[in-house]
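Laboratory data are not the source of any read-out in this text; all were calculated from the coordinates shown. All figures in this text were calculated on a predicted structure; none of them were measured in a lab. Cβ placement follows ideal geometry from the backbone for every residue including glycine, while neighbour counts extend to all protein chains displayed.
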Amino acid sequence: MKEDTAKSEQVLQDKTVFGFWVYLMTDCVLFATLFATYAVLRNNTYGGPSGQVIFSLPFVLLETLILLTSSFSIGLAWLAAQKNNKQLVLKLMAVTILLGAAFLVLELREFNHLAAEGNSWRRSAFLTSFFTLVGTHGLHITAGLMWMAVMWLRIYKYGLFKSSLRKITMLTLFWHFLDVVWIFIFSIVYLFGVIG
Amino acid sequence: MWGKLNTNVIPHDLVTLGGVASMAIISLAAVGYISYKRRWKWLWREWITSVDPKKIGVMYILVAVLMGLRGVIDAAMMRTQQAISVGPHHGFLEPDHYQQIFTAHGTIMIFFLAMGLMFGLFNLIVPLQIGSRDVAFPYLNATSFWLFFAGAMLINLSLAVGGQFAATGWLAYPPLSELSYSPGVGVDYWIWGLQIAGIGSLLSGINFLVTILKMRAPGMNLMKMPMFCWSVLGSLSLIIFAFPILTATLTMLALDRTIGTHFFTSYFGGNPMMYVNLIWAWGHPEVYILILPAFGIFSEVVPTFSRKPLFGYTSMVWAIWGIVLLSFLVWLHHFFTMGAGANVNAFFGIMTMAIAVPTGVKVFNWLFTMYRGRIQFKTPMLWFMGFVATFTLGGVAGVVMAVPPADFQLHNSLFLVAHFHTMIIGGVVFGMFAGLTYWFPKIFGFKLNERLGRYAFWCWFIGFLLAFVPLYILGLMGATRRLDHYDASLGWQQLFIVAAIGVAVIIAGIGFQILQLYVSIKNRDKNIDKTGDPWNGRSLEWSTSSPPPIYNYATIPVVKDRDAYWVMKHSKNETSSETPYVPIRLPRNTSLPILTGFLAFVFGFAIIWHIFWLAPLCLLGIIATLAIRTTGDDHDYTIPSSDVAKIEAATRRGYA
């Protein structure tokens with residue numbers, strides 16, 4: 001019977017992780033749509049500022065480094081989960097949550113700053129597409145953080161379950177995916193934006 | 001506190017009030033009947049909280065049929081208006097109301113009738129055909145259904161609270177659908193109804209893709225899979241790549257209307273044609289999302305009733321994937337008139353014509369399957385014959401319009417309207433009817449009445465030709481779509497009257513179908529299916545009882561060849577050595593999916609009416625249901641092998 005449950009968990013893991021990959025592909029198409037829209041609208045500044053004026057590369061680099069580090073730490077958490085090391089998983093997930101939250105705070109600061117200067121999404125089609133693309137990424141980060149928090153609490157209280165590894169695997173995939181999307185945002189929105 | 005809601009949102013218009021009253025009466029009658037029969041508990045336990053795909057499938061079809069009836073009423077109103085609103089006469093509909101009706105008709109028919117029937121059949125047939133006990137993610141499946149239901153209810157609610165539908169056409173092109181030109185809530189209802197149902201569709205797409213790829217019975221490699229499953233797989237791949245575009249596009253339009261962004265506005269640098277491109281990048285694949293499963297149904301029906309294996313199995317598979325690929329390369333043919341330039345138009349025109357090739361392959365394969373077969377003209381086969389005639393006609397009209405210079409003349413004319421109705425009624429709807437008739441005994445345990453089915457078919461077929469052949473002619477005469485009034489000197493009225501008569505004949509067909517259902521249920525003892533295989537079928541679903549037990553298969557079948565069940569039936573060495581039953585694990589019922597659907601419904605309502613404190617609460621609620629679900633670990637129950645043996649023995653006794 002024990003062998004049976006181990007086998008059924010294996011089957012479930014197989015199905016669920018594959019399903020999650022497919023979900024990530026749909027999310028990829030969603031981002032692709034937003035990228036395409038950004039590409040079409042990026043020069044439509046309608047008298048408002050262009051990317052050259054409003055983007056600050058050092059600031060974005062800081063965001064990028066924070067997010068990349070968080071991707072590293074959640075990768076380590078996944079390895080720790082495979083070794084069934086509860087304490088290490090908790091510590092590394094906490095680090096990831098903190099880094100993710102720091103990224104989010106920085107992004108919100110940037111948005112706030114832009115809006116305060118009168119350059120909100122209402123200003124031009126370029127800013128509309130910028131806020132939506134970057135903001136959608138930010139929303140995904142928020143969702144990931146909430147997911148991680150729920151999982152952290154659960155592991156803290158009940159320890160690692162038989163399903164924990166499967167769930168951490170999916171979370172890790174999600175987080176890496178957001179990292180990849182951010183790399184595209186960094187290059188296409190910010191780098192090309194500064195080049196003009 | 002309550003956003004834009006106030007007492008003025010109750011409808012005043014007489015026709016709208018009539019619609020609201022009839023919906024209210026139907027709902028009250030249903031509630032009254034269930035209360036009278038004391039069936040609430042049963043309904044909750046057996047249906048609403050069920051995660052069994054066989055039940056979810058039936059619920060999908062029920063919702064789809066009810067929505068479809070609303071769409072048919074819309075169609076009848078339009079054709080009546082066009083038949084009488086000539087010269088000095090202005091018919092019985094105001095122009096604004098007429099616009100709402102054609103918008104509602106298109107929206108409901110595509111999103112809630114066709115998609116609902118399609119997902120219903122996926123749920124009912126796919127797990128059975130691949131020899132599986134369930135879908136990959138049963139909980140997600142139930143959630144998808146309740147999101148679909150929530151979307152449908154939002155669309156219906158727009159009549160009662162707000163008293164208006166969008167008046168923008170079924171795809172709500174901006175800038176007309178922007179706040180400055182459509183200030184009412186109609187477009188918002190449209191956006192959120194579709195958004196919620198669309199997310200349900202996307203989740204279903206993922207779910208069934210994993211089901212088909214990961215849960216097939218041992219021995220069933222992809223090239224031994226029934227053709228229906230292949231076509232579903234093609235359709236699912238399209239859903240996965242196309243529906244996120246819809247989600248993103250609707251979100252952008254919603255942002256434009258709600259928080260003042262400028263994606264598609266005609267000022268501040270917005271680009272309305274961006275919307276048109278995006279919506280068709282979803283919309284064209286959507287057409288194939290709907291038609292591929294219909295092709296799959298015919299690929300099951302034709303071999304069964306011709307007593308021959310499907311001709312050209314491999315070429316059928318390649319044709320499906322050819323269509324899947326090409327359907328992403330043709331979206332621009334919906335607006336050749338945008339002015340993208342001769343080369344761009346030529347590319348999309350050629351790609352469009354190229355789609356006719358794999359489609360033609362499929363048509364010929366079905367015909368060659370029939371060739372020298374022992375054909376039985378049962379109702380599903382009649383629907384197929386009707387399909388071949390109409391679909392070929394519509395396909396030829398489509399190739400005509402794929403020529404850009406011709407399209408500049410035919411764009412937005414009734415010729416186009418006739419073309420896509422030929423594809424959707426002659427293709428999708430006839431296909432779904434064939435499938436529903438074919439699989440009805442599997443799902444409910446008794447066959448539908450043949451005679452009334454034939455009457456229904458002939459009404460539909462003749463009514464269809466009467467209703468749409470005049471539109472081809474009118475389109476060539478210059479009649480544009482969406483007219484609520486025209487000049488008498490144009491000489492169009494006779495043809496419009498013929499079209500209206502056609503709609504009446506179709507409605508007679510629907511009447512026969514309702515009668516057929518009633519008579520078949522009443523006399524079900526005469527048509528009962530005791531073998532589980534009423535048509536002498538070929539694929540696995542016919543090897544289990546009708547209706548199948550909750551676990552579909554007591555012992556998972558082992559597949560040796562294409563037409564798995566046919567081979568099993570005809571193999572000499574009957575090695576049905578009684579394998580001992582094993583305990584079966586199945587997912588438990590759960591009330592969380594309907595809760596998620598309800599919260600999504602309230603969320604949509606809150607955003608439509610700008611009740612901005614309520615929307616985040618609903619979102620939090622949805623997140624909470626997810627958290628509850630993911631933190632629980634054991635969602636299954638086990639049917640002990642002794643119970644399986646009891647159920648199996650009882651079925652066999654019933655058959656004896």
Taking amide H positions as placed in the peptide plane 1.01 Å from N, state which residues far from B:F446 in sequence (5 or more) or on other chains have amide H under 5 Å from it. B:D529
Greater than 31 Å separation of Cα atoms is the criterion. Which listed pairs, A:K167/B:K4; B:K4/B:K54; B:K214/B:K442; A:K15/A:K86, meet it? A:K167/B:K4; B:K4/B:K54
Averaged across B:328-338, how many Cβ atoms of other chains sit within 10 Å of each residue's Cβ atom? 0
Zero-based 10 Å bins, Cα pair distances in the protein assembly as shown, whole percents: 2, 11, 21, 25, 21, 13, 5, 1, 0
Would you kindly derive the ³J(HN,Hα) couplings of segment B:640-647 from the backbone phi angles with the Karplus curve 6.51 cos²θ - 1.76 cosθ + 1.60 (θ = phi - 60°), listing them in order in whole Hz, with x for Gly and Pro? x, 4, 5, 5, 4, 4, 5, 4
On alpha-carbon atoms, Rg over Rh for segment A:48-166 using Kirkwood Rh? 1.11
Packing-ranked peptide list from B:469-478, A:119-128, highest mean Cβ count within 10 angstrom first, is A:119-128, B:469-478
Please sort B:137-144, B:353-360 by packing, taking for each peptide the average over its residues of neighbouring beta carbons within 10 angstrom, highest first. B:137-144, B:353-360
Between beta-carbons, use under 10 Å as the cut-off and find the net charge around B:G373, counting Lys and Arg +1, Asp and Glu -1. +4
Could you work out, residue by residue across A:33-42, how many beta carbons of other chains sit within 10 Å of that residue's beta carbon, and then give the average as an integer? 4
Check: C-alpha center segment A:87-127 vs C-alpha center segment B:300-328, spacing in Å is 50
Please report the net charge: other residues with Cβ closer than 14 Å to the Cβ of B:F446, K and R +1, D and E -1. +2
Integer Hz, Karplus 6.51/-1.76/1.60 couplings in order for segment A:148-162, x for Gly and Pro: 5, 5, 4, 5, 4, 4, 5, 5, 4, 7, 10, x, 7, 8, 5
Could you compute how fast chain B diffuses translationally, taking Rh as the Kirkwood radius over C-alpha pairs and applying Stokes-Einstein at 37 °C with viscosity 0.692 mPa s? Give it in µm² per second. 126
Within 10 Å of each Cβ in B:201-214, the average number of Cβ atoms from other chains: 3
Report the calculated FRET efficiency for A:S56 and A:V180 (r = Cβ-Cβ distance, R0 = 22 Å), to the nearest 0.05. 0.45
Can you bin every Cα-Cα distance in segment B:524-576 into 5 Å intervals starting at zero and give me the percent of pairs per bin, rounded to whole numbers? 4, 19, 26, 26, 15, 6, 3, 0
Taking segment B:203-276 on its own, what percent of its Cα-Cα pair distances exceed 20 Å? 50
How far is the Cα center of segment B:360-386 from the Cα center of segment B:451-529, in Å? 23
For chain B, what's the relative contact order in percent, using C-alpha pairs closer than 8 Å and at least 6 residues apart? 18
Quick one: if you take sqrt(5λ) for each eigenvalue of the C-alpha gyration tensor of segment A:4-54, what semi-axes come out, biggest first, whole angstrom? 45, 10, 5
The ³J(HN,Hα) series, computed from each phi in segment B:622-628 with the Karplus coefficients 6.51, -1.76 and 1.60 at θ = phi - 60°, rounded to the nearest Hz and given as x for glycine or proline, is 5, 4, 4, 4, 4, 4, 4
For an R0 of 22 angstrom, estimate the FRET efficiency from the Cβ-Cβ distance between B:N343 and A:S187 and round to the nearest 0.05. 0.15
B:R257 neighbourhood, Cβ < 10 Å, K/R = +1, D/E = -1, net charge -3
If you count, for each residue, the other Cβ atoms within 10 Å and average over each peptide, how do A:172-185, B:615-628, B:183-196 line up from highest to lowest? B:183-196, A:172-185, B:615-628
Based on alpha-carbon centroids, what's the gap between segment B:152-230 and segment B:86-144 in Å, whole number please? 8
